[in-house]
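Q: Okay, handing you the structure first.
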Amino acid sequence: MRAAYPDWEGTAKRDGATIAFEVYERVEAPTLLLTQSWQIIHARHWKFMIPYLSRHYRVVTYDPVGNGKSDRIFDRDRYGDRSYLDDALAVLDTTSTSTAIAVGLSRGGGIATMLGAFHSDRIDGVVAIAPTHPWVVPHPGRGAIYAGMFDRVDNPQGWEKYNVHYWRENWADFVGFFFAECCSDPHSTKSWDDTTGWALETEGELIALGREGAPQVAADDIESAVTAMQMPVLIIHGTDDHIISYESSLELQERIPHARLITMDGAGHLPTGRYPVRINNAIKAFADEIYDRTPATLAPVRQRTGHAHRKKALMISSPIGLGHARRDIAICQELRLLHPDLEIDWLAQDPVTRVLTNAGETIHPASTLMSNETTHIESESGEHDLAVFQTLRDMDEIQVANFMICDEVIADGQYDLVIGDESWELDYHLHENPNLKKAAYAWLTDFVGYLPMLQRGEREAFVAADYNAEMIGQIERYGQIRDKAIFVGNPDDIVADRFGPELPYIRDWTEQHYDFAGYVTGFDPVALGDRSELRAELGYDADERICIVAVGGSGVGANLLRRIADLAPVARRAVGHLRFVLSPDPESTRARCQPSPRSYIGRTSTASTAISHVPTSQWCREASRRRWNSPPARCHSSSYPCEIISNRTSTFGLDSTDTAPVDVSTTATSTQTTSPRSSPKRSGGPRPFETSRPTAQPTQQR
């Protein structure tokens, strides 16, 4: 799932090729043209920039001829500087764009610079990120390799693979090597996954042809045009770029003396993927200055005057599992008791916003701008399985987009305290950009770290450990970001494993860096009265055997419930009469289950199985009285609050037969010792049940 989708898309026709473009409209706003790069990747490499920039400017992107949705042209004369410029102009013409700021990365930085140099009537400014140009200063020993890239090399190693013959014969290997060099920054595994996937959507023959064509613009003509540039130019370059040396941008700046150079110390070749927040802010600030635009603000819910002394807090609650909403409401209610003058705004997503509305909480209007994480989770779910770790990794562009909103909301709202309950986008990017911290910050979570599933191989084990190492490093470098870190649960909830080879033990590290709050259930079990009274209230006989099945809010609940209902007869044959009560999550009932006109607590006629709309929290209260092995918070953490369903009285039926399709009594026994799992499990607190699924291929869906 993308964080933003175009308002419209189309194609431009030029010189026998179809060029696919996307337009993100913004009424009465100037245009940013995000140019193509080398055709080894397509326009999805702008995925972190588009959602943010398109909230402030009109944005146009396009795929290069040779990749993405554009045509593959196997003609070496179709590739070169003049072709790239004419393709960009064709996109501007087709999208009715009179002028724009040209923004480019790597070869795209060179294209953006030449657009400004040769077509100043169409370009208002240039942002060149790690740009290539005729005056590139090669890395030591690299010049001779580039000069010999058209000669066959026996058994090439390292940069000797930068060779047209090797591309034609060993494209996948070159792609892996090249993007390892591009993604040289620590903890860049996701950038490598993305870029290699995009590169494998084209082929080595086409890329080789693109390098074999004759120069289309003379170097002297380029230098004359570039040195005559008068428009604003911004150059951004990292000092540890393994592809285009940092010194190359110093050479470019010498030819454009008025150009500004932002030096990113220690950054590699793709800062757009590794440091997207910094790039977003730099591009927007540059555009705001060119067009003399006052930065737009996300108006706070309440305007603070000079005489106001009431404290303000912002609660950011994760939508993944509605247990967060229930516990966060309870926390905010307690905060108001302790601080009666405290004003609390919520930045949240659906379905959490539905819960908050019913609870009478104040929802910040910017919540409607957030990219929906729950929808992403559902889009990645199978019938009853979810590769959780990979799904969270694939949510990276959503998290960048949502962080940019969080950052603006916090700045405009002048909050005294920000509370993030598993608001991963805020926590991660604050640690990546500590200068953006604007208020006291409290962090809540009920799991710390990831552990790999052996079935998914060595790559996942490496990546999970790398994610953990990055998190540990962030806390060590910027411990001041979290003013308070709270684990919702107890130390015994945390597994005793290591974060990874040679990394700390998870429980030990967490005890050193967190305070433990115990379980936050939102209710007091002692106040519920006698167990027999509760059973009577729920319609259960005193001696009746009840099996309660609850699913979370991931959108896979209906399929899980159907499977369990089908196996109910097997369970009854093993333990005697057993009444199953299945609790669907709100998304499953809303999207997949049809209401049946049965009583509040009902049974299907054939299998004594019911899907009931009694809140899971009530059954958790029952569990707390029985002192079942699972503590209340684990039962409760993925339930939905009473407010959502307090006025619902119908039961949701699910068909089940007396005869199970297969006898799984022995399988059930073995599953207890080796349950199938598909992705790294969370190391503390509640864990989702997961099943195996094939390892994802490098190519990413667009």
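The values are calculated or read from the model by the stated rules, or taken from the named source; none is laboratory data. Just so it is clear, the model here is predicted, and its values are computed rather than measured. Heads up: the accessible areas ignore ligands, DNA and RNA and are worked out on the full protein's heavy atoms, side chains in. Shrake-Rupley method; radii C 1.70, N 1.55, O 1.52, S 1.80 Å.
Q: Pop out the ³J(HN,Hα) list for the range 428-445 in order, Karplus 6.51 cos²θ - 1.76 cosθ + 1.60 with θ = phi - 60°, rounded to Hz; leave Gly and Pro as x.
A: 5, 7, 5, 5, 6, 9, x, 5, 8, 5, 10, 7, 4, 9, 10, 10, 10, 7
Q: Let me ask something else. So for the range 63-153, averaging the separation of alpha carbon pairs under 8 Å that are six or more residues apart and normalising by length, what relative contact order in percent results? Walk me through the numbers before you get to the answer.
A: On the way: 88 pairs, mean separation 18.6, N = 91.
Taking the mean separation of contacting Cα pairs over the length of the range 63-153, I get 20 percent.
Q: Let me ask you something else. In terms of the Cα gyration tensor, with a ≥ b ≥ c the square roots of its eigenvalues, is the range 510-574 rounded because a/c is under 1.5, prolate because a/b exceeds b/c, or oblate?
A: Working: a/c = 2.54, a/b = 1.27, b/c = 2.00.
Judged from the Cα gyration tensor, the range 510-574 comes out oblate (a/c at least 1.5, b/c at or above a/b).
Q: Quick one: accessible area per residue over the range 306-437, 1.4 Å probe, rounded to a whole number of Å²? The partial results should precede the final answer.
A: On the way: 4440 Å² over 132 residues.
I get 34 Å² per residue for the range 306-437.
Q: Just the number please: accessible area per residue for the range 482-571, 1.4 Å probe, all protein chains included, in Å². Show your work: numbers first, answer last.
A: Values: 4550 Å² over 90 residues.
With all protein chains present, the range 482-571 gives 51 Å² per residue.
Q: Also, quick follow-up: May I ask you to list the lysines whose Cα is less than 29 Å away from that of LYS161, ignoring any residue fewer than eight positions away on the same chain?
A: Result set, ordered by chain and number: LYS47, LYS69, LYS190.
Q: Now, a different point. Work out from phi, with θ = phi - 60° and the Karplus expression 6.51 cos²θ - 1.76 cosθ + 1.60, the ³J(HN,Hα) of each residue of the range 471-480, listed in order in whole Hz, and give x for Gly and Pro.
A: Values per residue, Gly and Pro as x: 4, 4, x, 4, 5, 5, 7, 10, x, 7 Hz.
Q: Based on the alpha-carbon gyration tensor of the range 1-132 and its eigenvalue square roots a ≥ b ≥ c, which shape applies: rounded if a/c is under 1.5, prolate if not and a/b is larger than b/c, or oblate? Kindly include the intermediate steps, with their values, before the conclusion.
A: Values: a/c = 1.44, a/b = 1.23, b/c = 1.17.
Rounded.
Q: Another question, then. Can you return the lysines within cross-link range of LYS311? Criterion is Cα-Cα under 19 Å, with same-chain partners fewer than 8 residues away left out.
A: Hits, sequence-local ones excluded: LYS437, LYS438, LYS484.
Q: Go through the range 396-410 residue by residue and turn each phi into a ³J(HN,Hα) via Karplus (6.51, -1.76, 1.60, θ = phi - 60°); whole Hz please, and just put x for glycine and proline.
A: 4, 6, 5, 5, 5, 4, 6, 5, 4, 5, 4, 4, 5, 4, 5
Q: Next up: With an 8 Å cut-off on Cα pairs and a minimum separation of 6 or more residues, tell me the relative contact order of the range 420-493 in percent. Each step should come with its number before you reach the end.
A: Numbers: 64 pairs, mean separation 30.3, N = 74.
41 percent.
Q: For LYS13, which aspartates and glutamates qualify as cross-link partners when the Cα separation must be under 19 Å and same-chain residues fewer than eight apart are set aside?
A: Correct list for LYS13: GLU22, ASP63, ASP71, ASP75, ASP77, ASP81, ASP86, ASP87, ASP93.
Q: Considering amide H positions built from the backbone, and no H for Pro or chain starts, which residues 5 or more places from VAL127, or on another chain, come under 5 Å of its amide H?
A: Those qualifying (amide H under 5 Å, at least 5 residues apart or on another chain) are ALA102, VAL103, GLY104, LEU234.
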